[in-house]
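Take a look at the structure below.
No value in this document is a laboratory result; all are computed from the given coordinates. A quick note: this is a predicted structure, and the numbers were derived from the prediction, not measured. Ideal geometry is used to build each Cβ from the backbone, glycine not excepted, and the neighbour counts take in all protein chains shown.
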């Protein structure tokens, strides 16, 4: 007999599916002249099983005890279900956190002197905006502060007499206004030339413009601040990152310094930097040394603190714990599959003997029981995943969140469960295949 | 060439002391034979049947099926030969309890690559031959002992085996049912199926055309 064919067929653990090459290979070694067999006893070729028949036997084996099958897969349902639910809920929750946390917050960096100065000082040089422009990831930057020690100033229309309006006054580089994403109702932000020459120009907010009787289309027009004449070049409509600027008038830094002196202790200067998304951390790291290479330690840069990040971290730690718990439940599920299969094999000893008498090989017995445990695992996984999706949906609905689930997890979970089932069935199946048919049949 | 040839077959089970179940069996069985082997329990007749049916391997000696030395081929081929050549009938029937009569009979041929359709057709034909076509959809629990054994016989013949190996086929049946089963055996033997029946019941043993007695692992002619 051809031993090479035998070893080949003996070592494979997979079930033989139709294999024309193998069927055709059979007659050749059989054609030995001394064994002309009667046609009824087909020359001994290895016993083979159709895949469809194997599937039928697997499903029939499971369905003959449906209650037991359901309880057996409960561990897998819970293990896989809690795993998918935990990952889904944490993904949903962190998706929610990202939504709260706007791009404006994420791309803002503030630079201040720290510890705070104890005399009136301006620690940022005039070319701060230009210096910061060298950092990769920077979009716009500039200095700003509240002038006149934070106290209001008197403002009034240049040509009219009457009661002046009390307003806040600020100094801001045009870069700071760009960094604060300022938008105008009319006119323009003062020019670099005006800034460089400390020209008496100003911006007013829409509220102050109304109080002074200035309309957006009337700029440029003159006003008086603390008795001095200024030219209003633009009307601010919105300054999202520095909303306090909307309380009054804004002057170029050099102009403000000439008129009101250095920023006071009570209203120190700071630099606002707008960065590209995701670059805030890096820009904050480089900003102090870029602004003051001589004394970088004088300054401190902070990207806007995001309290929700902490929440996400806490949540991920909790979900890590629950994931470990889910793993433990999954292992318990595997043990329960293994245990029930052992019991089932003991009950079905006679069936195993009968199958051997009908021509089953050890691999057919292994295949059948591995198939049963694998299907139990897979079905448990599908049920568990479905229940988990319902739970995620329920949580999301209750919190008015958008449910977020990673499809890779959803589709791989049943596969993982099937693999767990097959692994759980390995030992019982091999035990089953080792049952001697003679002993099994005399039972 | 003979169908089955047993040449100085010895089967010893290891132990202390070793059990010598078969002590040199020489037996040749031809196509269409009706062989009965009688003997008390423990005489080795079950071992003989298992060795003939390739469920057990002899310790020494040669066993040929249709000229093939079964001790020299792989286990996979022995399983294939078992599925093709032999049908087993047991005292305990061994029907799967959750399957209908037809589904039980359809198990024949499952390991010899038959299609589901072939197996169904053969199962219905076999149930017809044992006279139970009307019980095809009955569960074993709803069948009498005699009917159960007929379903088991249908399962054994559905694959078209050369030889039926029967281990105490009437052991669980009353006399009337036992006789009916023996009549069925005569009928099957008449169609050319070779029968090997082991029993301790003399009336069953007497039905064979070649009768043997097994005692302490040795086979001798009954007549």
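Taking a ≥ b ≥ c as the square roots of the eigenvalues of the Cα gyration tensor, chain B is prolate, since a/c reaches 1.5 or more and a/b is larger than b/c. With the cut-off at 1.5 for a/c, could you classify the stretch A:124-291 from its C-alpha gyration tensor as rounded, prolate or oblate? Verdict is prolate for the stretch A:124-291. Taking the number of Cβ atoms within 10 Å of each Cβ as an exposure proxy, the fewest-first ranking of B:56, B:216 is B:216, B:56.
With R₀ fixed at 60 Å, the C-beta to C-beta distance from residue A:136 to residue A:427 puts the FRET efficiency at about 0.55.
With a Förster radius of 22 Å applied to the C-beta separation of residue B:186 and residue B:30, the computed FRET efficiency comes to 0.80. Shape analysis of the stretch B:83-184 yields a ratio of the Cα radius of gyration to the Kirkwood radius, Rg/Rh, of 0.94. When its C-alpha radius of gyration is set against 2.2 N^0.38 Å (N residues), chain A gives a value of 1.78. The angle between the Cα long axis of helix B:175-190 and the longest principal axis of the Cα atoms of chain B comes to about 80 degrees, rounded to the nearest 10.
When B:9, A:376 are arranged by Cβ crowding within 10 Å, least crowded first, meaning fewest neighbours, the order is B:9, A:376.
Exposure proxy ranking for B:139, A:321, B:127, based on other Cβ atoms within 10 angstrom of each Cβ and starting from the fewest, stands as A:321, B:139, B:127. The long axis of helix A:407-433 is offset from the longest Cα principal axis of chain A by roughly 30 degrees. Helical content alone sets the calculated 222 nm signal of the protein assembly as shown at -14500 deg cm²/dmol, taking -39,500 (n - 2.57) per DSSP H segment of four or more residues and averaging over every residue.
Quick one: grab the alpha carbon gyration tensor of the stretch A:195-242, order the square roots of its eigenvalues as a ≥ b ≥ c, and give me rounded if a/c is under 1.5, else prolate or oblate depending on whether a/b is larger than b/c.
Cα axes put the stretch A:195-242 in the oblate bin.
Treating each Cα of the stretch A:44-199 as one equal point scatterer and applying the Debye formula with no solvent, the log10 of I(q)/I(0) at q = 0.09, 0.16, 0.19 Å⁻¹ comes out as -0.60, -1.13, -1.31. Taking the C-alpha atoms only, the angle from helix A:362-399 to the longest principal axis of chain A is near 30 degrees.
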